[in-house]
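Trainee: My structure is below; once you've seen it, I'll send some questions.
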């Protein structure tokens with residue numbers, strides 16, 4: 001394609017494009033950023049953070065056993081939540097959780113400043129971020145650096161009994177390590193919307209594991225008309241020589 005002028009991806013994630021070794025990185029690349037999808041992602045994050053915070057998986061297990069037992073309930077201000085990834089989705093999720101009173105913090109590759117929120121950056125601050133996160137949420141872009149970032153070493157740095165929510169990409173997680181941490185009791189629960197293989201194979205242990213919630217990659221809802229509008233806007237800007245919105249940094253991969 002010698003006359004290729006731009007690559008327009010109809011989603012927020014562009015990791016699938018970077019798997020092509022022939023990807024022309026000199027060509028501008030644009031991703032879609034949708035308000036509707038952002039709202040959907042934030043709703044999913046808030047839903048499952050609250051679910052873990054209010055012990056709903058444990059109460060559901062007690063219901064199956066017909067067991068009436070109250071569990072100690074800290075306030076949101078005593079529950080540290082960690083958001084991995086502080087792009088559009090991460091920042092919106094941080095704000096929503098902070099508005100509910102949670103002790104929310106964020107971690108990203110480079111320093112981000114969010115008013116009233118503690119932020120961590122880079123490999124040097126990753127352990128401190130993990131050590132204070134009783135509920136860990138992954139909203140990272142998938143890059144070679146973040147592939148497998150949730151592994152046995154990462155999980156071991158979380159407080160005992162922590163829970164994990166992943167709605168980014170399945171390849172962020174070493175699945176065997178996650179299952180081992182759940183089996184050992186170091187993690188109390190995991191909510192997973194994304195997996196290495198999708199649809200999730202029937203033989204996967206995630207389906208039947210008592211400490212896992214599975215959803216079929218539906219954390220966010222796409223608005224097709226909004227996608228078309230952004231594609232048209234990108235084409236019009238390209239042809240008129242104006243700055244492209246939501247341009248991908250091809251060096252960083254997102």
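Trainee: Quick check: is even one residue across segment 50-72 modelled with pLDDT of 95 or more, closer than 15 Å to residue 168 by Cβ and crowded, with 20+ Cβ neighbours inside 10 Å?
Mentor: no
Trainee: Would it be correct to say that residue 251 is part of a loop (DSSP other than H, G, I, E, B), modelled with pLDDT under 95, touching a helix residue (DSSP H, G or I) at 6+ places or on another chain (Cβ under 8 Å) and closer than 25 Å to residue 38 by Cβ?
Mentor: no
Trainee: Would you mention how many residues in segment 191-201 are assigned to a strand (DSSP E or B) and touching a helix residue (DSSP H, G or I) at 6+ places or on another chain (Cβ under 6 Å)?
Mentor: Total satisfying the criteria: 1.
Trainee: Answer yes or no as to whether residue 10 is in contact (Cβ under 8 Å) with a residue 12 or more places away in the chain, closer than 22 Å to residue 217 by Cα and not in a helix (DSSP H, G or I).
Mentor: Yes, satisfied.
Trainee: Using the structure shown, decide if residue 114 is touching a residue at least 24 places away in the same chain (Cβ under 8 Å), part of a loop (DSSP other than H, G, I, E, B) and farther than 16 Å from residue 253 by Cα.
Mentor: So residue 114 passes the test.
Trainee: While we're here: Please specify each residue of segment 192-241 satisfying the condition of being surrounded by fewer than 11 Cβ atoms within 10 Å (Cβ to Cβ) and in contact (Cβ under 8 Å) with a residue 40 or more places away in the chain.
Mentor: 210
Trainee: What residue, among those in segment 130-142 that are surrounded by fewer than 24 Cβ atoms within 10 Å (Cβ to Cβ) and more than 13 Å from the chain's Cα centre (by Cα), is nearest to residue 108 (Cα to Cα)?
Mentor: 130
Trainee: Let me ask something else. If I filter segment 111-124 down to residues being surrounded by fewer than 14 Cβ atoms within 10 Å (Cβ to Cβ) and farther than 22 Å from residue 100 by Cβ, which single residue comes out as modelled with the lowest pLDDT?
Mentor: Taking the candidates together, the pick is 111.
Trainee: Could you please find all residues in segment 97-127 being within 20 Å of residue 41 (Cα to Cα) and out of contact with any strand residue (DSSP E or B) (no Cβ under 9 Å at 6 or more places or on another chain)?
Mentor: Selection gives 99, 100, 101.
Trainee: Still on this structure, I have one more. If residue 40 passes every condition in (1) in a helix (DSSP H, G or I); (2) at pLDDT below 95; (3) in contact with a helix residue (DSSP H, G or I) (Cβ under 9 Å, 6 or more places away or on another chain) but one, which one does it miss?
Mentor: Result: residue 40 passes all but (3).
Trainee: Something else: Working only within segment 144-166, note down all residues that are assigned to a loop (DSSP other than H, G, I, E, B), touching a residue at least 40 places away in the same chain (Cβ under 8 Å) and surrounded by 16 or more Cβ atoms within 10 Å (Cβ to Cβ).
Mentor: Scanning segment 144-166 gives a single hit, 149.
Trainee: If you go through segment 73-88 one residue at a time, how many are touching a strand residue (DSSP E or B) at 6+ places or on another chain (Cβ under 9 Å) and at pLDDT below 95?
Mentor: The number of residues fulfilling the criteria is 1.
Trainee: Does residue 244 count as in contact with a strand residue (DSSP E or B) (Cβ under 6 Å, 6 or more places away or on another chain), in a loop (DSSP other than H, G, I, E, B) and either surrounded by 12 or more Cβ atoms within 10 Å (Cβ to Cβ) or touching a residue at least 12 places away in the same chain (Cβ under 8 Å) (or both)?
Mentor: Against the criterion (in contact with a strand residue (DSSP E or B) (Cβ under 6 Å, 6 or more places away or on another chain), in a loop (DSSP other than H, G, I, E, B) and either surrounded by 12 or more Cβ atoms within 10 Å (Cβ to Cβ) or touching a residue at least 12 places away in the same chain (Cβ under 8 Å) (or both)), residue 244 qualifies.
Trainee: In the set 63, 73, which member is more than 30 Å from residue 144 (Cβ to Cβ), in a loop (DSSP other than H, G, I, E, B) and more than 25 Å from the chain's Cα centre (by Cα)?
Mentor: Unique residue meeting the criteria: 73.
The values are calculated or read from the model by the stated rules, or taken from the named source; none is laboratory data. All values reported here derive from a predicted model rather than from experimental measurement. All Cβ positions, glycine included, derive from the backbone under ideal geometry; neighbour counts span all protein chains shown.
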